[in-house]
Structures are given as structure tokens and as C-alpha cells.
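Undergrad: Structure below; questions to follow.
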């Protein structure tokens, strides 16, 4: 009897244990993978060394560097992540966070972290889940969306994608040619009401989620949480999403930007005639120059709307002409730009400065300005050294500056390796500065002898 | 010496000796063998101009050897004469006569159609610093000076951490855009920079902290000519930062990368 009772107790105990195991098992299957206490603690130490300067000690995206960054660092407390494999609005899975840390986000301040070990990246990803309570709630269990493998790309899929691209409203923000210049694009804001730019589909190397077909397909299937980019997983079939992907790829290819520092001028047997416009440059090779914000002299510019300019050059027996094109989503043609302008000293940095202050001084003007493409009328001048360096224009308070391009060329042919200093020349080595301002109809020419006093010495003005 | 190159060369020469190869083959084998040894046989590569000089000497030596006696002159010229006179070699002779100018022409063509390159300027990355600079309205001795906050590390560790933390803030508000999150010169703007920014953890242990102060406060424009001041985008930070902020950021750079400045070279006097 005793034995039997014991056996029954043992059975009940076993049943309870089995039930517990089943419950625990089901919890393990459905709950978010947030790692162990030890993993999160290891992640915390790494976070405080490597991440908190931008994402903040509390994970709220308010770190030391935040004032100068656009896009701003992710605020982990919102639980909203852009690059994921999970449906729109859902939390990312562990591997999604790991992937972003590993790959970084191109053309933002989030770098890739190749130096961290797999274990370290995993620990960091676990620690990041502690900032938002959503990760420990049972309701928000993420389930990755179905990402079928890629069918082959054909002209038919590109054509189909082009039609779908228009029909589904992609064109409203991303523009007809994918250049992020759609009519809605100037009005876009993120979840925190900050202005946000649509992706420039003609420059896939800048895509935050990556440039491959799979990356584009995933972004279209999941959307970017916290931004106006929606998910099309419900609205479109996978075939349709692949078709749009193929259209996007067709806009620019999957090659990189092929940046160079060399413009090769093409000889033109006919005399250069600017009235013909860009037609004369058709045969000239195109050089893509990378440009960055001017962060060397006051006022510094930390988030230029343009990352590169395309330069072509032709010459005849007497003249040389340059065609400079850039793709500026905030074309500004109303300001009074000019390198002769006295640049005010940089204002004292406000502690935790308002985002408006940080976002105001774009080279192209304020984000509310109409977007558009810019193209500078080719200018001609005396024959010169063909090794020109295009300079990003200095920035100042938004309304005072229009878009402009300055081309700096040594005033005298180089006799040694010594070049003029690359911003406005220097006192011993002057530069000829060709200056084209979209707010003016006439190009200007200056003699640059340095920027130490922040006033350019105007040589002569060519009307 | 690379043993995998040396052994086959020696083996081929030995084989030719064993087979009693003709003098012409023997001379050519020596010439080619020595060229292969010079070009590929050494672990540290020899400059091509030096190889050209050596091969000139080798050619003279071989010529002297093959012409040193009547017997050898005949040995070397017999196969050549046969090649040029016998009927069965006519086709080969014509092919050779065409191939020599064609190869020369092809060589010229390849050299002329090389892609255009921008003019090169080789810069000195760490030019010698001046012994003294003037910054923040005073003279700063780069030889004898040091970061004024180092002593706090021992005397007041709490205050020292404050300086490091302030340096961290300065870095991530000013330097991170080019030098990057992990100080390795991989910031968000480097796609537009040539030369790329310095990899700090690799560089600063080789330098004195005062050298860093000079480079940070005077920036690219303050470089001597051999450093190529016109080529760098490093701002002169004395325009933006206070003196203490520069010393703080130097503390942070060493602290974050777990390195120390190069020790000052003490010159024994007496």
C-alpha cells in the first residue's frame, strides 16, 4: 500500500514535472530570445565601451555624438528597428540585431563591427533587448516573414516592376527615376517627427539594409519600422515584390559607386560651344568624386545631402569646360551664396542641442525646401591643369546658402609635387576658383590665397 | 632564399650537364637560371633596376666565356649558322624575324595604353615635429613636455577618469566622423577622404603625447612640406577646442586603445 501510494505520488510528481516541462518548452519556443543574464551582462560591458557614445547609456539614442548625427542613432527604448526579417511593426529577432551590428548601416554613423567576435556581437544584441520592455512581453513574439529565394531577373520582370512601382505609390516618395525626389518626399518625417529622406534608389550602395536583390526584397517585405517606408508583404505577392526589386536594380545596377580622384578630359575637335549644353560631353568619361561635409573650417557641416558629384571634362585648342552634376534632394536656388561671404564663427554647441539646430545647416538648405536635381551649366575658362578638385561648398545658416560648386585649380602649372592647400589655396600657392552658384546666372572666378581669415580675396569677377 | 625556386634551377642545370648539352643551350640555361634566381629566388624582392645591372654583368660574363677560345666560338656559332642556313629551318627563321619587331611593338603599345594616373606624391606620415610650438597664446615644449593630466592617474584617479570621460565626449563630438567608432580611421566620411584618416590605436603607441598635441592643434595645415599639408583634411583643432580638451582627448585615445605614449628618450648628460 505504502509502496503503491508512493508510486501514485511519483506518478503525480512525474505528471506535474511533465506539464511544467511542456509549459516551459512552449514558452521557450514562442518567447523572444533575449539570452541569459550572463550574456546580457557581458553585452552591457561591451555596450558601455563601444555603443553608448552614440546610443546613450540608457539606450535612448542620446549619446555624446548624437547632436551632430543625421540619421540619429537608434533609440532602443522604442523597440522599433529598421532592418529586420519580421513583419511591419514587429520586434526584430536576435539574428536581425546581430546582422545590423555585423554589417553596420551604410552612409550613416553606424559602422560595421568586424573586430568583435561572434559571441561579443551576440551578447551585445541580447543586451540591447533590455532597453525595451516589449522584448520580454509574450504578446510581441516575432515570427520572420517568408522570404522566398530570388527568381531570375529578366526584362519582363523589370517592365512589370516599373508598372507596379508607379501603381503602388513608390513613385510618390522615391520619384520616377528612383532619385528620392517624389512629390511627397519633402514632407516625410519619422516616428519622432524628424524630417527623413527616402532612399535614393539610384545609389544602392547607400541603402541602409544593404544593396543586394535579397536585401531590397526584404526591405520591401518588412518595411522600416519608425519610418514612412511600409511593408508590402500583404499588398503584393512575392513575384510582384521581386519585380519591383528588379526594377530598382535596373535603375543603377549592383556595382559600387566607383569613386575616383581623377577626371580625364576628352579632346573635342570642334570648338567648345556652351550653347549646345550637355551634348558636347556625351563622349567624355564620367568621374564620380566622393564628397563629404566641410568639417575643417567653421561652420562645419556634418550631414550633407549629397555624397558625390559626377564630373566630365572636355577641351579644345583654347578652352576647357567642365560638366558637374550632382543629385541633390534639397536643391536650393534662393540664397546669396559666395565664397567672399564672411563666415560667422561657429556658435557655441548647446548641450543636448535641439535636433532642429543640428538639422538646419545642410549644404543644400533646409529639409523643407523643394527637392530637385541640380545641374551646373558647364563653364569655360582659360586652358588649365586638368587635375581639378571639386570642393563641397561651405555651409552656413540654412537660408543664406544656395547650392553651389567650386572648382579649384592651381593658378600656376605645378613645377613640383607641392600642391596648393586644398581649401581655397594658401598664401604661397594660390588657386583659381571657378564658382557656380545656382542662385546666380553668371559664374564667378576668384583667386584663392587661403582661408585663414575666412574671407576670400576676390581676384576678378567674370561677368 | 626560396628553396623551392633554387632547387629546380640547380636540378635543371645539373640535368643539362649530365646530358652534355651543347654550349649554346648551356649558356642560355645559365642566363635564364640566374635571372630566375635573382627575380624569384630571394624572399626580400630585389629592385628590377638592380636585377637589370646584375643581368648585364652576367651577360658579359657568359659572352666572355663562350668567346674565350676558338673551340667555344665554333661551338656557339655552329647551331646558329645551321639555323640560318639550313632549308628545314626557313619557316622558323622567318617567324623569328617577324616576331622580334612584333614583340617590341607590342611592348611599346602596352606601355603607351596604360591607364592615366594622377600625379603621385609620396608623403611622410609622421614627419619630425618641431621642438616647440605656439598654441593657445603660449609656447608648448614638445620635447620635454607631456600631457599635464597624466600625474592625476596616480595622485587622483577619480579626477583622471573625469578627464578621460571628457576626452571621450570631445572625441565623439569632433573626431568620430573621420576616425570612427573604434578609432581605426573608419568613420562615416572616409568614402570621401584620401589619404584615409589615421588608425589611432596602431599609431599612437609609437608617438609621444606631445606629438599628438601638435598634430591635433595644428592639423593638416600645420604639417611640414614633406607631410603634404595640401592633401589632408585634418582640421587645426586649436580653432575649435580648448587646450584642456585636446589634452583630455589625448588621454582618452590612449585609455580607450589600452596603449601608452612612447617613452621620452632620455639623453644621458655628463
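Undergrad: State all residues of the stretch B:202-241 that are assigned to a loop (DSSP other than H, G, I, E, B), within 26 Å of residue A:109 (Cβ to Cβ) and touching a residue at least 60 places away in the same chain (Cβ under 8 Å); if no residue qualifies, say none.
TA: B:240, B:241
Undergrad: Within the stretch B:9-16, is there a residue that is under 25 Å from residue B:77 (Cα atoms), out of contact with any helix residue (DSSP H, G or I) (no Cβ under 9 Å at 6 or more places or on another chain) and exposed (fewer than 11 other Cβ atoms within 10 Å of the Cβ)?
TA: yes
Undergrad: Which condition number does residue B:260 fail, the rest of (1) within 11 Å of another protein chain (Cβ to nearest Cβ); (2) surrounded by fewer than 20 Cβ atoms within 10 Å (Cβ to Cβ) being met?
TA: Of the numbered conditions (1) within 11 Å of another protein chain (Cβ to nearest Cβ); (2) surrounded by fewer than 20 Cβ atoms within 10 Å (Cβ to Cβ), the odd one out for residue B:260 is (1).
Undergrad: Among the candidates A:169, A:161, single out the residue that is farther than 30 Å from residue B:179 by Cβ and surrounded by fewer than 21 Cβ atoms within 10 Å (Cβ to Cβ).
TA: After applying the criteria, what remains is A:169.
Undergrad: Which one of B:116, B:125 is in contact (Cβ under 8 Å) with a residue 40 or more places away in the chain, in a loop (DSSP other than H, G, I, E, B) and either within 11 Å of chain A (Cβ to nearest Cβ) or within 23 Å of the chain's Cα centre (by Cα) (or both)?
TA: B:125
Undergrad: Quickly run through the stretch B:151-184 and pick out the residues that are more than 13 Å from every other protein chain (Cβ to nearest Cβ) and buried (at least 18 other Cβ atoms within 10 Å of the Cβ).
TA: Those that are more than 13 Å from every other protein chain (Cβ to nearest Cβ) and buried (at least 18 other Cβ atoms within 10 Å of the Cβ): B:152, B:160, B:163.
Undergrad: Answer with yes or no whether residue B:147 is modelled with pLDDT under 90, buried (at least 20 other Cβ atoms within 10 Å of the Cβ) and under 18 Å from residue B:259 (Cβ atoms).
TA: No.
Undergrad: Which number in (1) free of Cβ contacts under 8 Å to residues at least 40 places away in the same chain; (2) closer than 30 Å to residue A:56 by Cβ marks the one condition that residue B:166 misses?
TA: Answer for residue B:166: the failing condition is (1).
Undergrad: For the stretch A:71-80, enumerate the residues that are buried (at least 21 other Cβ atoms within 10 Å of the Cβ) and part of a loop (DSSP other than H, G, I, E, B).
TA: A:72, A:73, A:74, A:75, A:80
Residues checked against (1) touching a helix residue (DSSP H, G or I) at 6+ places or on another chain (Cβ under 9 Å); (2) within 14 Å of chain B (Cβ to nearest Cβ); (3) on the phi < 0 side of the Ramachandran plot; (4) surrounded by fewer than 19 Cβ atoms within 10 Å (Cβ to Cβ):
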{"position": "A:37", "(1), (2), (3), (4)": "no, no, yes, yes"}
{"position": "A:42", "(1), (2), (3), (4)": "yes, no, yes, no"}
{"position": "A:53", "(1), (2), (3), (4)": "yes, yes, yes, no"}
{"position": "A:65", "(1), (2), (3), (4)": "yes, yes, yes, no"}
{"position": "A:69", "(1), (2), (3), (4)": "yes, yes, yes, no"}
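Undergrad: If I ask for residues that are within 8 Å of another protein chain (Cβ to nearest Cβ) and either closer than 11 Å to residue B:253 by Cα or not in a loop (DSSP other than H, G, I, E, B) (or both), which ones from the stretch B:185-201 would you list?
TA: B:191, B:192
Undergrad: Then there is this: For the subset of the stretch B:235-257 comprising residues that are more than 14 Å from chain A (Cβ to nearest Cβ) and surrounded by fewer than 20 Cβ atoms within 10 Å (Cβ to Cβ), which member is farthest from residue B:217 (Cα to Cα)?
TA: Ranking the candidates gives B:244 first.
Undergrad: Okay, next question. Among the residues of the stretch A:132-139, is any farther than 19 Å from residue A:84 by Cα and either within 26 Å of the chain's Cα centre (by Cα) or outside any loop (DSSP other than H, G, I, E, B) (or both)?
TA: No: zero hits.
Undergrad: Which of the residues belonging to the stretch A:286-307 are modelled with pLDDT of 90 or more and facing another protein chain (nearest Cβ under 10 Å)?
TA: Result: A:289, A:290.
Undergrad: Could you check residue A:300 against (1) in a loop (DSSP other than H, G, I, E, B); (2) exposed (fewer than 15 other Cβ atoms within 10 Å of the Cβ); (3) assigned by TED's automatic domain parsing to the domain that holds residue A:316 and say which number it fails?
TA: Going through (1) in a loop (DSSP other than H, G, I, E, B); (2) exposed (fewer than 15 other Cβ atoms within 10 Å of the Cβ); (3) assigned by TED's automatic domain parsing to the domain that holds residue A:316 one by one, residue A:300 breaks only (2).
Undergrad: May I pose another question? Scan the stretch A:217-230 and give yes if some residue there is over 22 Å from the mean Cα position of the chain (by Cα), buried (at least 21 other Cβ atoms within 10 Å of the Cβ) and closer than 22 Å to residue A:143 by Cα, otherwise no.
TA: Looking through the stretch A:217-230, none of the residues is over 22 Å from the mean Cα position of the chain (by Cα), buried (at least 21 other Cβ atoms within 10 Å of the Cβ) and closer than 22 Å to residue A:143 by Cα.
Undergrad: Now a separate question. Helices (runs of 4 or more DSSP H) wholly in the stretch A:167-269 with at least 3 residues that are more than 21 Å from residue A:91 (Cα to Cα) and touching a strand residue (DSSP E or B) at 6+ places or on another chain (Cβ under 6 Å) - which ones?
TA: Filter on the stretch A:167-269 gives an empty set.
Undergrad: Being more than 14 Å from chain A (Cβ to nearest Cβ), buried (at least 20 other Cβ atoms within 10 Å of the Cβ), touching a helix residue (DSSP H, G or I) at 6+ places or on another chain (Cβ under 7 Å) and closer than 27 Å to residue A:423 by Cβ: is that true of residue B:204 here?
TA: The answer is yes for residue B:204.
The values are calculated or read from the model by the stated rules, or taken from the named source; none is laboratory data. Given the structure is predicted, the values throughout are model-derived calculations rather than measurements. Cβ sites come from the backbone with ideal geometry, for glycine too, and all protein chains shown count toward neighbours.
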